[in-house]
1. Sort largest first and round to whole Å: the equivalent ellipsoid semi-axes of region 1-111, each the square root of five times a Cα gyration tensor eigenvalue.
2. Order by neighbour count: Trp124, Trp156, fewest other Cβ atoms within 10 Å first, most last.
3. Across region 254-271, in residue order, what do the Karplus-derived ³J(HN,Hα) couplings come to in whole Hz, using 6.51 cos²θ - 1.76 cosθ + 1.60 with θ = phi - 60° and x for Gly and Pro?
4. Restrict the search to region 95-186; then list the trypsin sites (Lys or Arg not before Pro) that DSSP places in a loop and that have at most 12 other Cβ atoms within 10 Å of their Cβ.
5. Please report, for the Cα atoms of region 251-337, the Rg to one decimal and the Dmax as a whole number; what are they, in angstrom?
6. If I model region 52-185 as equal point scatterers sitting on the Cα atoms and use the Debye formula, what is log10 I(q)/I(0) at q = 0.20 Å⁻¹?
7. Would you tally the net charge around Arg295, using a Cβ to Cβ cut-off of less than 12 Å, leaving Arg295 out, and scoring K and R as +1, D and E as -1?
8. What base-10 log of the normalised intensity I(q)/I(0) is obtained for region 75-129 from the Debye formula, alpha carbons as equal point scatterers, at q = 0.17, 0.19, 0.25 Å⁻¹?
Amino acid sequence: MVLAMVLVLMSRRELDRVEILGRLNEGRLTASVAAELMGLSERQTFRLLKRLRDGGAAAIANRGRGKPSNNRYSDALRRHALSLVREHYPDFGPTLATEKLAERHDLRVSRETLRQWMIEDGLWLPRAERRRFHQPRHRREHYGELIQIDGSEHAWFEDRGPKCTLLVFIDDATSTLMQLLFVASESTFSYFDALERYLAAHGKPVAFYSDKHTIFKVAERKGKDASGLTQFGRALDELNIEILCANTSQAKGRVERAHKTLQDRLVKELRLAGIDDIEAANAFLPGFMAAHNARFAKPPARELDLHRPLREMNRLDDILCWRVERHVSRQLVVHYNQMRFSFAPNELSAKLAGKMVEIFDFPDGRLEIRWKGIAIPYTAFDKLQRVSHAAVVDNKRLGEVLAWVRQEQQNRSSPNGDSVGPKRSHQKKGIMRERLEALSRPQQTP
């Protein structure tokens, strides 16, 4: 005769109940004491005692262990949810996929349930199987104390449009997205635009934290404008805002991780909204930021907001522009950005020979030459007859420049294309010439 051995899994509580019921069965405990020890009623105690007498200790084990829950989702619902994920959200994470199933398909399942389904179906890799190492970093304590800034060049519109750059301003204390702006590429003027929007919305923070891009840090002090400050740094200095540069990308991990999150969630939101150009994307950003911050922003360690009011509003245009000093020759001529500017002889301009004047180059293309705050009328003469093929272009902006070059080459071959002959001061510059000057200007000292 062969006896079969059956292994029964029991919890610590069930084992304790077997021991108490055994003492009750032997008459060493009363029913009321046994019920009190187990936290049950006397009626339920007698039910368990009968199960013990009929089936032994194994009968006390939970009868539902190993069986599917009565409240489980149906197999049909599971198949439907996973089919929607495969069709519409194959690269979405469980959290975002759960949100979209509820928003767009009125299909509501818990995030953890969908996570398990996606793992079992091979649509998601569990965190334990992903090797990730994070260097701990302490947040600042106050909102507005430190704002991390950076640009992320990415295929934000996937194959629906060209690559572009997203400028990201994020608060270190709360991970709040403070400002987002799509631009063609990183440049001083694009950061001026984003900064102006930030100041209007929030006021002045204590400091910005960036990488060592030449927009923020002078690589080498030399030439006529060796002040030690970039144009962006000079603007922040006039606004009484500090600029700090990180030695490594890991040091500004808050904004680096934000790039990864945005390159996942924002790209998919733009796809779902059918957006494929910068203008429409920038109009979409405020609503996205509000929803993102409501979900992911954290409260600061201290309640005090360190943003300060903007008292320089009346001269903000003069601050957020490209400004350099130039020497006036005896012939009352000033050279700037491959251009020659001459002053008509009069009582005021006669005083300028040998003096330094300041050139204000505004983002909208306006250019003023001032001496002691007085704008001096001038006549401009173009020293370049055509765009140089050896123009120095920053590597981060090469894609944008090449796109404009291709467009201009197509225009030249078209019968209605712009003339490419020499341009004089009274004539409008060619489109490519004007664009290349605008692209080159913020990246190198004129």
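1. On the way: eigenvalues 442, 67, 24 Å².
Equivalent ellipsoid semi-axes, largest first: 47, 18, 11 Å.
2. Trp124, Trp156
3. 4, 6, 5, 5, 4, 4, 5, 5, 5, 5, 8, 6, 5, 4, 6, 5, 5, 5
4. Arg108, Arg130, Arg131, Arg132, Arg137
5. 21.5, 64
6. Results for region 52-185 at q = 0.20 Å⁻¹ read -1.16.
7. Spelling it out: positives minus negatives among the neighbours equals +1.
8. -0.44, -0.55, -0.97
Here, each number is a calculation from the coordinates, and none is a lab measurement. Nothing here was measured: the structure is a model prediction, and the numbers come from that model. Ideal geometry is used to build each Cβ from the backbone, glycine not excepted, and the neighbour counts take in all protein chains shown.
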